[in-house]
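Q: Here you go, one structure.
The values are calculated or read from the model by the stated rules, or taken from the named source; none is laboratory data. None of these values were measured; they are calculated from a predicted model. Using ideal geometry, Cβ is built from the backbone for each residue, glycine included, and neighbour counts are taken over all protein chains shown.
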Amino acid sequence: MLYPWKPSQNLTTIAVLALLAAPVSTQAQGSREQLLNRIEGLEQRVIELETSTVLSDPETMVKKIEVFIDDNGMEHKTQVAGSKRITTYQRERVFRRQTINEKIEEALDDAANRNVQLGVDAAIIIQNAQKTRGPDVKKADKNFYQLASTDLYFTAGLAQYTVFFADIVGLSGTPPDSEVNGLTLANGYAARLVQQNDLSLRESWLMTELWDQKLSLVVGRVDLTNYFDSNAAANDETSQFLSDALVNNPALGLSENGAGMAVVYDPKTAFNFKLGYQQSTSTATNLSDSLFLLLEAGYKMNPFQMGEGNYRFWYREDNTGNGTSAFGISLDQKIKAGITLFVRYGTAENANSSDRDKYYSTGLQLNAGLGFNPEDTFGIGYAYSKLATNEKENLLEAYYNLAMTEKLRLTFHLTQLEEQRADLTKDGFFVSGMRLQASY
């Protein structure tokens, strides 16, 4: 039976179909816009990639591969019957895409390795001495002293693992040592320098590293205190203690730098060994009659999980004149984060007595963020010296190193000195001072 056509029903059907098609059309339009946006983003990334990368020169790359060799010696990429798997190496000439920044960094590094670089370390030290004990109250009493020091460092890379280094130092001023006349220097900047108010070549040497950088050879004009009797908490007059008795062990007996060599064997394990020699005096006519020889063995450990500790034992001989020998220890041990304990001991033969000279020192360095700035450091140290000729020295020093900027530091020092002379008279001095240090 045929039903008569009704316009109202047809219009209703068309409306329903239109409503169903509308979401599909809207969804298709949204997907199309997302696709166009994604294509546009990919095009932008391709443009950035093309503008920020360069095709490098062809490079030879070596990679490890596995191949299979049959009984006839033929090489196959996959396993075949009767073949054996072996590992070999294959060279390939490839082009590697690098960013422009990488190429610039490589060029700058290459230029830096080929050029001579200059570093400057300048310091001004102002000190005041107050005499607290002794018969001569006028000498070194209420006097001010100022010393200016500038080091120019030159470094140049000559070949792989081979470096040239030179240090030219200019020293001008008057430290308190000429009036205090102590057993050790109250200002360590003048240590191992023959002349003041003049330019001097402190060091000039060539260093090369061998055996996967486990063995270092340094030849030229050397300062052996840079390699022997090291100490993490008391070894640098430019940033730590100013008194020389807390910078190096007096038993070393090095009065000046000289031509020589240092050999350092450090396999990057717990042990390291050092050997060095130098001319002991610049007035000597040959090395055979003025040979200063040093040996040292070092051990690194972490006792009771407190922190890293370095323990060193050294021995030296000096054949100048009748010849003397000495030995000593130097250790620095972290006892907790930011706190380091240091101890030194040394004893040396005395050319004027059958007894031996004796020295020891100890103290603490603190850099646990307890100061005004997180990078500030401060320390306190005590040093005792006793010669076989009855001369003695007791020294107590405290310092605070204030980090003003990355390259500028200001350090305040307080030092108490007690000197016993050969005639058994005693002098006492209180030396205060500050050190302004700039390094760049």
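Q: For the stretch 253-290, enumerate the residues that are among the acidic types (Asp, Glu) and within 22 Å of residue 350 (Cα to Cα). Give the steps one after another, and end with the answer.
A: Narrowing the stretch 253-290 to residues among the acidic types (Asp, Glu): 256, 266, 289.
Those that are among the acidic types (Asp, Glu) and within 22 Å of residue 350 (Cα to Cα): 256, 289.
Q: Just one of (1) in contact with a helix residue (DSSP H, G or I) (Cβ under 8 Å, 6 or more places away or on another chain); (2) farther than 30 Å from residue 150 by Cα trips up residue 393, so point out which.
A: Tallying (1) in contact with a helix residue (DSSP H, G or I) (Cβ under 8 Å, 6 or more places away or on another chain); (2) farther than 30 Å from residue 150 by Cα, residue 393 fails exactly one: (2).
Q: Answer yes or no as to whether residue 297 is in the same structural domain as residue 219 (by TED's automatic domain parsing), closer than 17 Å to residue 217 by Cβ, touching a residue at least 24 places away in the same chain (Cβ under 8 Å) and in a strand (DSSP E or B). Even if it seems obvious, please write down each step before you answer.
A: Values: in the same structural domain as residue 219 (by TED's automatic domain parsing): yes; closer than 17 Å to residue 217 by Cβ: no; touching a residue at least 24 places away in the same chain (Cβ under 8 Å): yes; in a strand (DSSP E or B): yes.
No: the conditions fail for residue 297.
Q: Looking at the stretch 300-319 only, could you name the residues that are over 20 Å from residue 360 (Cβ atoms) and either in a strand (DSSP E or B) or in contact with a strand residue (DSSP E or B) (Cβ under 8 Å, 6 or more places away or on another chain) (or both)? Give the derivation first.
A: Keep residues of the stretch 300-319 that are over 20 Å from residue 360 (Cβ atoms), which gives 300-308, 317-319.
300, 301, 302, 303, 306, 307, 308, 317, 318, 319, listed by residue number.
Q: Do the conditions hold for residue 95, that is, is it at pLDDT 90 or above and of a type in the set (A, V, I, L, M, F, W, C)?
A: Details: at pLDDT 90 or above: no; of a type in the set (A, V, I, L, M, F, W, C): yes.
It is false that residue 95 is at pLDDT 90 or above and of a type in the set (A, V, I, L, M, F, W, C).
Q: Starting from the stretch 366-391, keep only residues that are in the same structural domain as residue 355 (by TED's automatic domain parsing) and over 30 Å from residue 422 (Cβ atoms), then list their pairs with residues that are part of a loop (DSSP other than H, G, I, E, B) and among the hydrophobic types (A, V, I, L, M, F, W, C) whose Cβ atoms are within a distance under 7 Å, requiring at least 6 positions of separation or different chains.
A: 368/337; 379/233; 379/241
Q: Name the single residue that is surrounded by the fewest Cβ atoms within 10 Å (Cβ to Cβ) among those in the stretch 118-157 being basic (Lys, Arg) and in a strand (DSSP E or B).
A: The initial filter retains those residues of the stretch 118-157 that are basic (Lys, Arg), namely 131, 133, 138-139, 142.
With the extra rule that they be in a strand (DSSP E or B), the set shrinks to 131, 133.
On the way: 131: 20, 133: 14.
Filtering the stretch 118-157 for residues that are basic (Lys, Arg) and in a strand (DSSP E or B), the one surrounded by the fewest Cβ atoms within 10 Å (Cβ to Cβ) comes out as 133.
Q: If you don't mind, there's one more thing I want to ask. Residue check, residue 59 against (1) surrounded by 10 or more Cβ atoms within 10 Å (Cβ to Cβ); (2) modelled with pLDDT of 70 or more, all met but one. Which one?
A: Among (1) surrounded by 10 or more Cβ atoms within 10 Å (Cβ to Cβ); (2) modelled with pLDDT of 70 or more, the lone unmet condition for residue 59 is (2).
Q: Right, something else. Consider the stretch 374-406. How many of its residues are under 21 Å from the mean Cα position of the chain (by Cα) and outside any strand (DSSP E or B)?
A: Of the residues in the stretch 374-406, 6 are under 21 Å from the mean Cα position of the chain (by Cα) and outside any strand (DSSP E or B).
Q: Count, please, the residues in the stretch 64-78 that happen to be over 13 Å from residue 89 (Cα atoms), among the β-branched types (Val, Ile, Thr) and either part of a strand (DSSP E or B) or not assigned by TED's automatic domain parsing to the domain that holds residue 89 (or both).
A: Qualifying residue count for the region: 1.
Q: Looking at the stretch 275-294 only, could you name the residues that are more than 14 Å from residue 260 (Cα to Cα) and out of contact with any Ser or Thr (no Cβ under 9 Å at 6 or more places or on another chain)?
A: Residue satisfying the conditions is 285 alone.
Each row is one residue, and each column tells you yes or no for (1) under 21 Å from residue 191 (Cα atoms); (2) in contact with a Ser or Thr (Cβ under 8 Å, 6 or more places away or on another chain).
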{"site": "216", "(1), (2)": "no, yes"}
{"site": "230", "(1), (2)": "yes, yes"}
{"site": "303", "(1), (2)": "no, no"}
{"site": "306", "(1), (2)": "no, no"}
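Q: Residues of the stretch 321-366 being polar (S, T, N, Q) and either buried (at least 22 other Cβ atoms within 10 Å of the Cβ) or under 21 Å from residue 385 (Cβ atoms) (or both), which ones? Give the derivation first.
A: First, pick out the residues of the stretch 321-366 that are polar (S, T, N, Q): 322, 324-325, 330, 333, 340, 347, 350, 352-354, 361-362, 365.
Within the stretch 321-366, 324, 325, 330, 340, 347, 350, 352, 353, 354, 361, 362, 365 meet the criteria.
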